[in-house]
Every structure is written in structure tokens, then in C-alpha cells.
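**Q** Input: one structure, supplied below.
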Amino acid sequence: MSTSTHWDIQCTILAGDWTPADEATAQAAARAALAAMNPTRDLELSLALADDETVQKLNRDYRGQDKPTNVLSFESGDDADIPGEPLMLGDVVLARETCTREAGEEGKQFAHLLSHLTIHGVLHLLGFDHENEEEAEEMESLEIKILADIGIANPYLEGAETK
């Protein structure tokens, strides 16, 4: 990362049983994702920690899927290159109950799953997707590398982690 590049990552608890430690985990994961991509300009992004009800409404209203999901990413659409102004990437919204349930089902530490999903969401804001197999493999490879950089095992290996 260039010393002149600044990343403003705002994290807000909107709803749900989130803690200050969860906020710190999400912010650290977002920073790791940005560091791995080495952006050359100042960036802003928002992390919203929410509950299933909030995420279900967003998922229904913006994606036509009336169910909660673990993470949603909303690109800002800000492509403007205004000198001296950071680029607003968008918002990553995480659902507490879904994340808690998935961590239990997958035998993963909650903080590790939260880190993975935050990284996943930030990569979406940076233009990565998983609409086809090639895109999915590229995105998963990036997630695995970024997670390894912060000491978290490959989440795609079955049985790689237990609580």
C-alpha cells in the first residue's frame, strides 16, 4: 500500500447482537482485502452489521429474493474521479443470525466466518463476482490468499477448522 493512499472504512451496528469485537474483526478483514488488491487511490466503504430481518428486506427489495442471506454488497456506482476526493466503493451488509447459524453448521469460529464474508463482500465492491466457474475460482483464490494473510485457514476445505 502506498503511504499516501487512505481507506476510510466505517462500520455501524444497525441491528442484531453484534459486539465491538465484531466491528473490529470486520474492519480488519476489509483492510486486508483492500491491502491485497493494493488500490492506488483513496477509498471509502461502509460495513453495516445487521440482523436477518434487515438483510431479508434488503435482499427482497434489491435482489428479488425474500429471504435473509449472510452478506450483501451494494456498489455505490461512484466512478467519478474527483481530484482530492476518495472513491466511495459502497456498502457491505452482514446478517448476524445467518452468520451465527452458518458458523455453527460449518464448525467455524464466528470471527473467521465474519472475516471471510467481509472479504467476500469487499471483493464484490472491487468488481469481483462468481457468476460463472472461472469467476468463482478467481474470487475464491483471492479469498483464500487474503484469509491466509490474516492467519485464517482455507474456508473451502471441508473440516479445515473446528470450533
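No value in this document is a laboratory result; all are computed from the given coordinates. Since this is a predicted model, take the numbers as computed values, not measurements. Here the Cβ positions follow ideal geometry from the backbone for every residue, glycine too, while neighbour counts run over all protein chains shown.
**Q** Calculate the length of the line joining the C-alpha centroid of region 21-37 to that of region 95-154, in whole Å.
**A** Value for the Cα centre distance between the two parts: 12 Å.
**Q** Still on this structure: Restrict the search to region 110-162; then list the GluC sites (Glu not before Pro) that DSSP places in a loop and that have at most 11 other Cβ atoms within 10 Å of their Cβ. Please report the intermediate quantities before stating the final value.
**A** Details: sites: Glu131, Glu133, Glu134, Glu135, Glu137, Glu138, Glu140, Glu143, Glu158, Glu161; in loops: Glu131, Glu158, Glu161.
Answer in residue order: Glu131, Glu158.
**Q** Let me ask you something else. If the cut-off is 19 Å between C-alpha atoms, which aspartates and glutamates fall inside it for Lys57, apart from same-chain ones fewer than 8 positions away?
**A** Straight-distance partners of Lys57: Asp17, Asp66, Glu75, Asp91, Glu97.
**Q** Loop only per DSSP, at most 14 neighbouring Cβ atoms within 10 Å: give me the trypsin sites (Lys or Arg not before Pro) in region 35-132, ordered by residue number. List each step's numbers first, then the result.
**A** On the way: sites: Arg41, Lys57, Arg60, Arg63, Arg96, Arg101, Lys108; in loops: Arg41, Lys108.
In loop regions of region 35-132 (DSSP not H, G, I, E or B), the sparsely surrounded trypsin sites (Lys or Arg not before Pro) are Arg41.
**Q** While we're looking at this one, here's another question. For Cα Rg over 2.2 N^0.38 Å, one of [x] 1.01; [y] 1.22; [z] 1.26 was computed from the structure I shared and the rest are decoys. Which label?
**A** The value matching this structure is [x].
**Q** Also, I was wondering about something else. Once you have the Cα-Cα distance between Glu135 and Glu102, take 0.36 nm times their residue separation minus that, and quote the gain in nm to one decimal.
**A** On the way: separation 33, 0.36 × 33 = 11.88 nm, distance 2.34 nm.
Stretched out fully, the Glu135 to Glu102 stretch lengthens by 9.5 nm.
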